[in-house]
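Step one of this worksheet: look at the structure below.
The values are calculated or read from the model by the stated rules, or taken from the named source; none is laboratory data. The shown structure was predicted, so the numbers you read here are calculated from the model rather than taken from an experiment. A quick note on method: Cβ atoms are made from the backbone with ideal geometry, for glycine too, and the neighbour counts reach across all protein chains shown.
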Amino acid sequence: MSESMSADIAATAARLVVEEGMEYGPAKRKAARSLGRSRPADLPSNEAVEDAVREYIAVFCADTQPAELAALRSLAMRWLERLAEFRPHLSGAAWRGTATRLSALHIDLYCDDTKSAEIALINQGVDYDVGSLPSPRGEPIDLLSLASWSPELQEQVTLFLAVRDLDDLRGALKPDATGRTLRGDLGALRRLMAQAGEDKGPAETITR
């Protein structure tokens with residue numbers, strides 16, 4: 001596949017990610033189909049899509065995205081505090097800085113007993129659904145999904161809690177090919193928000 005076609009798919013996928021809140025995988029596949037490409041080999045890397053997302057945000061969402069990102073990180077911080085016993089780490093777009101109000105929050109939990117997170121949510125009266133996704137070892141792990149209210153956004157935000165084995169934590173902290181970290185714990189999130197000027201107390205309601 002030519003570099004220009006890969007860039008076209010990445011750019012189209014970026015628009016779907018930002019405007020429709022799609023995850024990278026489905027966005028890449030939908031973008032490729034819309035451009036007449038369907039083979040897995042035709043798909044750009046996640047890093048290429050993320051770069052395209054950053055470019056799209058800079059051009060079309062520069063006036064709204066920073067406040068929406070701050071609101072999502074604020075909500076994530078509350079959940080990292082709430083689930084502190086499970087060594088939570090924020091990942092995904094909210095950690096990487098590309099989230100908008102349509103983005104879901106992705107939090108990885110590292111547990112001695114993988115069912116303990118579900119028990120904690122039940123004890124806290126939290127409604128959730130259970131799905132699965134592949135683990136680093138190949139076998140499926142539980143993916144808990146729930147909705148949480150964002151006072152700043154004035155709407156529900158989807159949270160995905162990936163319940164991982166404690167042994168997976170060491171490898172999870174390695175940076176990606178670009179040197180960027182893939183996730184961070186509560187302390188790292190606080191530092192990130194401080195650097196971005198997002199820790200100035202409760203944010204105002206963000207209007208559309």
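Could you check how many residues of segment 129-170 are of a type in the set (Phe, Trp, Tyr) and loosely packed, with under 15 Cβ neighbours inside 10 Å?
Within segment 129-170, residues that are of a type in the set (Phe, Trp, Tyr) and loosely packed, with under 15 Cβ neighbours inside 10 Å number 1.
Tell me, which residue of segment 146-167 that is of a type in the set (Asp, Glu) and not in a loop (DSSP other than H, G, I, E, B) is modelled with the lowest pLDDT?
Asp167
Listed here are the residues, each with its yes/no results for (1) of a type in the set (D, E, K, R); (2) more than 23 Å from Ala196 (Cα to Cα).
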residue: Lys30; (1), (2): yes, yes
residue: Arg33; (1), (2): yes, yes
residue: Ser45; (1), (2): no, yes
residue: Glu50; (1), (2): yes, no
residue: Arg54; (1), (2): yes, no
residue: Phe60; (1), (2): no, no
residue: Gln65; (1), (2): no, no
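For segment 62-71, give me each residue that is closer than 14 Å to Val18 by Cα, crowded, with 18+ Cβ neighbours inside 10 Å and either out of contact with any Leu (no Cβ under 9 Å at 6 or more places or on another chain) or free of Cβ contacts under 8 Å to residues at least 60 places away in the same chain (or both).
Once the filter is applied, which keeps residues that are closer than 14 Å to Val18 by Cα, crowded, with 18+ Cβ neighbours inside 10 Å and either out of contact with any Leu (no Cβ under 9 Å at 6 or more places or on another chain) or free of Cβ contacts under 8 Å to residues at least 60 places away in the same chain (or both), segment 62-71 yields Gln65, Leu69.
What residue, among those in segment 7-22 that are within 14 Å of Gly92 (Cα to Cα) and touching a residue at least 12 places away in the same chain (Cβ under 8 Å), is surrounded by the most Cβ atoms within 10 Å (Cβ to Cβ)?
So the residue we want is Val17.
Only residues that are aromatic (Phe, Trp, Tyr) and crowded, with 23+ Cβ neighbours inside 10 Å: list them for segment 75-108, please.
Within segment 75-108, Phe86, Trp95 qualify.
For Gly187, indicate whether it is among the small types (Gly, Ala, Ser), free of Cβ contacts under 8 Å to residues at least 12 places away in the same chain and in a loop (DSSP other than H, G, I, E, B).
No, not satisfied.
Modelled with pLDDT of 95 or more, under 25 Å from Asp185 (Cβ atoms) and either of a type in the set (A, V, I, L, M, F, W, C) or over 18 Å from the mean Cα position of the chain (by Cα) (or both): is that true of Leu16 in this structure?
Here the answer is no, as Leu16 does not meet what is asked.
Could you tell me which of the residues Glu47, Glu85 is touching a helix residue (DSSP H, G or I) at 6+ places or on another chain (Cβ under 9 Å), assigned to a helix (DSSP H, G or I) and among the charged types (D, E, K, R)?
Glu85
Just one of the numbered conditions (1) surrounded by fewer than 21 Cβ atoms within 10 Å (Cβ to Cβ); (2) within 30 Å of Glu118 (Cα to Cα) is not true of Arg33; which one?
Going through (1) surrounded by fewer than 21 Cβ atoms within 10 Å (Cβ to Cβ); (2) within 30 Å of Glu118 (Cα to Cα) one by one, Arg33 breaks only (2).
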